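The values are calculated or read from the model by the stated rules, or taken from the named source; none is laboratory data. All figures in this text were calculated on a predicted structure; none of them were measured in a lab. We place every Cβ from the backbone using ideal geometry, glycine too, and count neighbours over all the protein chains shown.
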């Protein structure tokens, strides 16, 4: 890719694997949305840090900073000082797996320790049983429950509150009250409920384990990418073939790839060939045939044949490494709707603490209830409240949505794009390379009379064009090859720029070129004037073929419509999106293409800066505008549009500027990207609704407001409900995967 291009902000974008002044890292110890807010604020307190984004679902942090004032080790120190554990991305996946195993083990331990307490709840008069329960409850409280104390201390130290504060307060209140009652410090016959604190911790640990498992499924797409890289390579040396670690390959080295091998580097095929499965990169299921001179990507799989490949890009510069970085950036980005959740989360825990206090006062003082009843209601309010669900609502949906897109060869470079694209009103489409194939093809070969053999006519055309580099000449040769015709051996070859080619073949003087060449040579075009008028009206380019002094035929060429373009435009219109084709081509050609693909409107003969102006004009009308393009001249418009969609087969600068990259160069993938964006936004809204609804409904029940109807909620079951609210949000996001079946 290019090292610099237009960015949304108007600033150049670096294209190194680790952009200057940017750092993405793993974070352990994030428990809820309040943790996210705390860490972001702590990072932004440093004057050298301009951007800080922490993702709860992916457990990652992204920082943009002044490298002259700050280093990655300094950033890690800030994260540690805030009470969290920073990790290098390479080790984050292993740490995530270890964390999941740890969550499972702590849950099993706390459950096994809590069950005996639950089973002996009615045996409070038995001193030996109570002593045993005290030991078990103490073990759970200060082992499995220790993580909540650490998290609460870190939050309070940073003058903030989080879920750990609520859990630590709730479990401590139950445990220490029971401890005081056990030793008779609260008077005779006070009830002991060690089961509450122990089961609370067990249930919350269960929720955290299930949540971690679900979050792991949400990030499966990225994990699959990380496992694609080849470990070994067959390096060609002076002494022959040598198997080496893929990491030691350098640019310029030649590697041997056999059938079934994972291609270890991005490179160029020097010798041999075969079919390569590129589905992991492009989403295309059919293998692609490779021959000498073709480019191959690392992590793709050779399905047959033997190839010698010269390495052109290695390590962080490979296509796979760049895709992994794009996916990480997208999953770490915040959608605009996340700001609502962040605002609510900032006030959530303090409000819950206030409600818990009000609940206790109401039941103990105003309602004249006993202390234990008021105390239990207050604990229940503390533990049922869940800021985690709101913190997970947006990032989990974005992780799943971007993973689905990746599986179809659609690279989403920023998570916020999935929300923005769902609101798209207008999609501007470049013609060449987007709606059309971008290269001319021979569409018609018309002999001047029935006596002229079409096969011989094509042979003469290919023979004359064999030494020309003109795009129409190459298209003629391709057509001949497809027909199984090989060019003959021409003599006295002469290529005349702006006119065509003349040569001698089988005793005839051949002239192949445009109308000006025919006029100069005095060759009349009258026999084909009617057919020529039809082909010209269809916007096709013509190449005449003359033998001696007579016209023998004409070939017509056109940049043909891609097979899926018309279907994609129809789908866009069905989705309520206005389509507009923009091209620098002549108006007559543009009108024909516009009619064939069915766009709502088009604008022809436009310069690159005019494309950007068209985007602005729609934006000034209050519309959300997307732009699809593949060339350098599309880059300004791609940058100006709210959503820039770059065709993957296009130039590097277009891919660098776009917010979304379509690896398969299929316009239907733009339709799929919009569908995924809409489905993702729907899931985010559902998640936020259920997270808020859960708390709005759960807190009054926990506070005992429905006790008049006989509805009560024990603190431990409130903890279980809190734990499962987070799980439900993640599982709801995973339902997004159903959209894959609609493609």
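Taken together, the criteria exclude residue 507 from residues that are under 48 Å from the mean Cα position of the chain (by Cα) and on the phi > 0 side of the Ramachandran plot. Among the residues making up the stretch 53-77, those that are crowded, with 21+ Cβ neighbours inside 10 Å and modelled with pLDDT of 90 or more are 63, 65, 75. Here is the figure for the stretch 243-268: residues that are surrounded by fewer than 13 Cβ atoms within 10 Å (Cβ to Cβ) and part of a strand (DSSP E or B) total 2. Only a single criterion out of (1) part of a helix (DSSP H, G or I); (2) farther than 30 Å from residue 617 by Cβ; (3) modelled with pLDDT of 85 or more is not satisfied by residue 721, namely (3).
Using the structure shown, decide if residue 443 is out of contact with any strand residue (DSSP E or B) (no Cβ under 6 Å at 6 or more places or on another chain) and not assigned by TED's automatic domain parsing to the domain that holds residue 620.
Working: out of contact with any strand residue (DSSP E or B) (no Cβ under 6 Å at 6 or more places or on another chain): no; not assigned by TED's automatic domain parsing to the domain that holds residue 620: yes.
No: the conditions fail for residue 443.
The set of residues in the stretch 689-710 that are surrounded by fewer than 22 Cβ atoms within 10 Å (Cβ to Cβ) and farther than 19 Å from residue 723 by Cβ comprises 689, 700, 705, 706, 707, 708, 709, 710. Sort out which residues of the stretch 537-560 are closer than 30 Å to residue 668 by Cα and either at pLDDT 90 or above or surrounded by fewer than 16 Cβ atoms within 10 Å (Cβ to Cβ) (or both), and write them in order of number. Selection gives 537, 538, 556, 557. Step by step: first the residues of the stretch 301-319, then only those that are out of contact with any helix residue (DSSP H, G or I) (no Cβ under 9 Å at 6 or more places or on another chain) and surrounded by fewer than 21 Cβ atoms within 10 Å (Cβ to Cβ), then the one that is modelled with the lowest pLDDT. Which residue is that? Within the stretch 301-319, the match that is modelled with the lowest pLDDT is 317. Against the list (1) surrounded by 24 or more Cβ atoms within 10 Å (Cβ to Cβ); (2) farther than 30 Å from residue 639 by Cβ, the condition residue 371 fails is (1).
Looking at 739, 676, 684, which one is within 17 Å of residue 32 (Cα to Cα) and within 17 Å of the chain's Cα centre (by Cα)? Walk me through how you get there before you give the answer.
On the way: 739 fails: within 17 Å of residue 32 (Cα to Cα); 676 fails: within 17 Å of residue 32 (Cα to Cα).
Among 739, 676, 684, only 684 is within 17 Å of residue 32 (Cα to Cα) and within 17 Å of the chain's Cα centre (by Cα).
Given the condition under 25 Å from the mean Cα position of the chain (by Cα), modelled with pLDDT of 85 or more and buried (at least 17 other Cβ atoms within 10 Å of the Cβ), answer yes or no: does some residue in the stretch 86-99 qualify? Yes; the residues of the stretch 86-99 include at least one that is under 25 Å from the mean Cα position of the chain (by Cα), modelled with pLDDT of 85 or more and buried (at least 17 other Cβ atoms within 10 Å of the Cβ).
This table checks each residue for (1) out of contact with any strand residue (DSSP E or B) (no Cβ under 8 Å at 6 or more places or on another chain); (2) surrounded by fewer than 24 Cβ atoms within 10 Å (Cβ to Cβ); (3) closer than 22 Å to residue 346 by Cβ; (4) at pLDDT below 85.
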| residue | (1), (2), (3), (4) |
| --- | --- |
| 156 | yes, yes, yes, no |
| 159 | yes, yes, yes, yes |
| 166 | yes, no, yes, yes |
| 175 | yes, no, no, no |
| 188 | yes, yes, no, yes |
| 194 | yes, no, no, yes |
| 217 | yes, yes, no, yes |
| 221 | yes, yes, no, yes |
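Scanning the stretch 499-536 for residues that are touching a strand residue (DSSP E or B) at 6+ places or on another chain (Cβ under 9 Å) and closer than 22 Å to residue 558 by Cα yields a count of 17.
Table: residues versus (1) more than 25 Å from residue 213 (Cβ to Cβ); (2) outside the structural domain of residue 416 (by TED's automatic domain parsing).
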{"site": "638", "(1), (2)": "yes, no"}
{"site": "660", "(1), (2)": "yes, no"}
{"site": "695", "(1), (2)": "no, yes"}
{"site": "700", "(1), (2)": "yes, yes"}
{"site": "717", "(1), (2)": "no, yes"}
{"site": "728", "(1), (2)": "no, yes"}
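Applying a threshold of 7 Å to beta carbon distances and a minimum spacing of six or more residues, or different chains, the list of pairs starting in the stretch 363-376 at a residue that is assigned to a helix (DSSP H, G or I) and ending at one that is at pLDDT below 80 and surrounded by 16 or more Cβ atoms within 10 Å (Cβ to Cβ) reads 363/369. Residues of the stretch 493-525 that are in a helix (DSSP H, G or I) and more than 15 Å from residue 542 (Cβ to Cβ): 520, 521. For residue 650, the criteria (1) over 21 Å from the mean Cα position of the chain (by Cα); (2) at pLDDT below 90; (3) assigned to a loop (DSSP other than H, G, I, E, B) hold in every case but one, which is (1). Here is a check on your reading of the model: is residue 408 farther than 24 Å from residue 580 by Cα and either in the same structural domain as residue 635 (by TED's automatic domain parsing) or surrounded by fewer than 24 Cβ atoms within 10 Å (Cβ to Cβ) (or both)? Spelling it out, residue 408 is indeed farther than 24 Å from residue 580 by Cα and either in the same structural domain as residue 635 (by TED's automatic domain parsing) or surrounded by fewer than 24 Cβ atoms within 10 Å (Cβ to Cβ) (or both).
Of all the residues that make up the stretch 41-81, how many are in a loop (DSSP other than H, G, I, E, B), over 19 Å from residue 157 (Cβ atoms) and over 25 Å from the mean Cα position of the chain (by Cα)?
Restricting attention to the stretch 41-81, the residues satisfying the condition of being in a loop (DSSP other than H, G, I, E, B) are 45-48, 56-59, 66-71.
Going one step further and asking which of them are over 19 Å from residue 157 (Cβ atoms), we end up with 47-48, 56-59, 66-71.
Then drop every residue that is not over 25 Å from the mean Cα position of the chain (by Cα), which leaves 47-48, 66-71.
Final tally of qualifying residues: 8.
Determine, yes or no, whether residue 384 is under 35 Å from the mean Cα position of the chain (by Cα), touching a residue at least 60 places away in the same chain (Cβ under 8 Å), under 30 Å from residue 249 (Cα atoms) and outside the structural domain of residue 257 (by TED's automatic domain parsing). Considered against the rule, which asks whether it is under 35 Å from the mean Cα position of the chain (by Cα), touching a residue at least 60 places away in the same chain (Cβ under 8 Å), under 30 Å from residue 249 (Cα atoms) and outside the structural domain of residue 257 (by TED's automatic domain parsing), residue 384 comes out as no. Does at least one position in the stretch 85-96 carry a residue that is in contact with a helix residue (DSSP H, G or I) (Cβ under 6 Å, 6 or more places away or on another chain) and more than 22 Å from residue 343 (Cβ to Cβ)? Looking for residues that are in contact with a helix residue (DSSP H, G or I) (Cβ under 6 Å, 6 or more places away or on another chain) and more than 22 Å from residue 343 (Cβ to Cβ), one finds at least one in the stretch 85-96, hence yes.
Across the stretch 591-610, the qualifying residues are those that are modelled with pLDDT of 85 or more and part of a helix (DSSP H, G or I), and the one among them that is nearest to residue 438 (Cα to Cα) is 593.
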